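Chemist: Structure incoming, see below.
The values are calculated or read from the model by the stated rules, or taken from the named source; none is laboratory data. If you're wondering where the values come from, they're calculated on a predicted model, not measured in any experiment. For neighbour counting, all protein chains shown are included, and Cβ atoms are generated from backbone atoms with ideal geometry for every residue, glycine included. For the accessible areas, the whole protein counts, side chains as well, though only heavy atoms, and no ligand, DNA or RNA atoms are used. Shrake-Rupley method; radii C 1.70, N 1.55, O 1.52, S 1.80 Å.
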Amino acid sequence: MIYLEKLIITVAPTGAWPTKKDSEHVPITPEEIADEVYRSWQAGAAIAHIHVRDEQGNPAMTFENFEQAVTLIRERCDIIINLTTSGGLDVSDEDRMKPFVKLKPDLASFDAGSMNWMHTTVFLNTPPFLEKLATKMQENGVKPEIEVFDTGMIYNSMYIAAKGLIDQPFHFQFVLGAPGGITATHKNLLHLAESIPTGSTWSVVGIGKSQMAMAFTALTMGGHVRVGMEDNIYLKKGLLAKSNAEFVDKIVKVSNEFGRDIASPKEARDILSL
Ligand code: ZN
């Protein structure tokens with residue numbers, strides 16, 4: 001029996017990869033990021049997953065940029081903040097954790113294992129780092145959004161939870177279609193959803209052209225969804241999204257037609273036990 005609680009929409013306006021060369025609409029500066037989050041909140045997003053860039057537009061874990069973006073967002077709306085801990089390459093463990101330690105968001109990403117990003121590099125999240133990350137999140141009252149790029153990462157996170165370092169109920173973000181991760185198929189999404197502990201909540205990210213297929217599948221399965229330019233810049237084939245809010249709009253429309261209401265940030269807090 002599927003229980004369709006209200007749908008939590010996460011917007012991820014800027015990740016590590018898309019640049020202004022890929023789409024002029026990708027927000028890069030803290031001001032642009034805050035503007036896009038605000039528009040997305042107006043459209044119905046309850047959570048904002050935040051990355052920042054440096055002055056050249058490269059992925060970075062520059063604390064001042066996180067601080068500025070988060071301050072601007074908090075001045076304008078009550079969207080739940082979720083900070084990345086994986087916003088740059090060759091960044092020290094301390095710099096990966098500093099934004100959530102200092103800014104105390106409700107959520108931060110917990111990338112539950114290492115993976116080959118096949119087009120570039122190794123996405124390194126060693127067992128000692130994951131243990132340190134979980135400990136720091138717990139100490140700071142930040143809930144891990146357990147990002148799962150392949151099935152084994154569920155094992156990794158539960159291994160750390162068994163040490164008492166991640167509190168229940170767990171919240172998972174399944175990422176399908178990343179280059180090197182589990183492929184974006186319905187069967188794989190079902191497999192992931194059936195592989196997590198009962199009582200957990202989950203959301204899905206489909207990378208690139210699988211974004212909407214994965215989102216609409218999750219919508220009917222009782223999961224939650226993440227959309228935005230971190231994962232996909234096309235609203236549909238050949239058409240660049242002009243704003244992240246357009247993705248949110250699309251999900252809201254379909255969800256309303258389908259009969260599943262959208263969770264406000266306040267309702268999302270209850271659903272995620274924040
Ligand atoms: Zn991210």
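Chemist: Tell me which of 100, 45, 69 sits at the most positive position along the dipole axis of the range 34-123, charges placed on C-beta atoms (Lys, Arg +1; Asp, Glu -1).
Modeler: 45
Chemist: For residue 209 paired with residue 195, estimate the spin-label separation in nm (one decimal), with each label point 7 Å from Cα along the Cα-to-Cβ line.
Modeler: It works out to 2.5 nm between the two label points.
Chemist: Please work out the FRET efficiency for the pair residue 163 and residue 42, using the Cβ-Cβ distance as r and a Förster radius of 45 Å; give the result to the nearest 0.05.
Modeler: Here the calculated transfer efficiency is 0.65.
Chemist: Return the whole-Å distance between the Cα centroid of the range 94-125 and the Cα centroid of the range 31-86.
Modeler: The distance from the Cα centre of the range 94-125 to that of the range 31-86 comes to 16 Å.
Chemist: Further question on the same structure: Assign one of three labels to the range 15-140, namely rounded, prolate or oblate, based on the Cα gyration tensor with a ≥ b ≥ c the square roots of its eigenvalues; rounded applies when a/c is under 1.5, prolate when it is not and a/b is larger than b/c, and oblate otherwise.
Modeler: In terms of gyration-tensor shape, oblate.
Chemist: Now for a separate question. Work out from phi, with θ = phi - 60° and the Karplus expression 6.51 cos²θ - 1.76 cosθ + 1.60, the ³J(HN,Hα) of each residue of the range 145-162, listed in order in whole Hz, and give x for Gly and Pro.
Modeler: Along the range 145-162, the couplings run 8, 7, 8, 10, 9, 6, 4, x, 5, 5, 4, 4, 5, 6, 4, 6, 4, 5 Hz.
Chemist: Okay, next question. What is the spin-label model distance, in nm, from residue 117 to residue 56 if the labels are put 7 Å beyond Cα along the C-beta direction?
Modeler: My value for the distance between the label points is 1.5 nm.
Chemist: Residue by residue through the range 23-36, what is 3J(HN,Hα) from phi via Karplus (6.51 cos²θ - 1.76 cosθ + 1.60, θ = phi - 60°)? Round to whole Hz and write x for glycine and proline.
Modeler: 7, 5, 8, 5, x, 10, 7, x, 5, 5, 5, 4, 4, 5
Chemist: Now for a separate question. By a straight-distance test (C-alpha under 19 Å), which lysines pair with residue 163 as possible cross-link partners, with residues fewer than eight away in the same chain excluded?
Modeler: Counting by Cα, and skipping residues close in sequence, residue 163 has these lysines nearby: 132, 136, 143.
Chemist: Another question about this same structure. Which listed residue (4, 245, 135) has the Cα farthest towards the positive end of the charge dipole for the chain, taking +1 on Lys and Arg C-beta and -1 on Asp and Glu C-beta about the Cα centre?
Modeler: 4
Chemist: Give, rounded to the nearest 20 debye, the magnitude of the charge dipole that the range 72-125 has about its Cα centre when Lys and Arg contribute +1 at Cβ and Asp and Glu contribute -1 at Cβ.
Modeler: Computed charge dipole of the range 72-125: roughly 160 debye.
Chemist: Next up: Exactly which GluC sites (Glu not before Pro) in the range 121-217 are in a DSSP loop and have at most 15 other Cβ atoms within 10 Å?
Modeler: Hits after loop and neighbour filter: 194.
Chemist: Taking 25 Å as R0, compute the FRET efficiency from the Cβ-Cβ separation of residue 240 and residue 264 and round it to 0.05.
Modeler: Rounded to the nearest 0.05, the efficiency is 0.30.
Chemist: May I pose another question? Top to bottom by accessible area (1.4 Å), largest first, where do 252, 52 land?
Modeler: The most accessible residue leads, giving 252, 52.
Chemist: I need the calculated FRET efficiency for the pair residue 126 and residue 71, taking r as the beta carbon distance and R₀ as 22 Å, to the nearest 0.05.
Modeler: Computed FRET efficiency for residue 126 and residue 71: 0.10.
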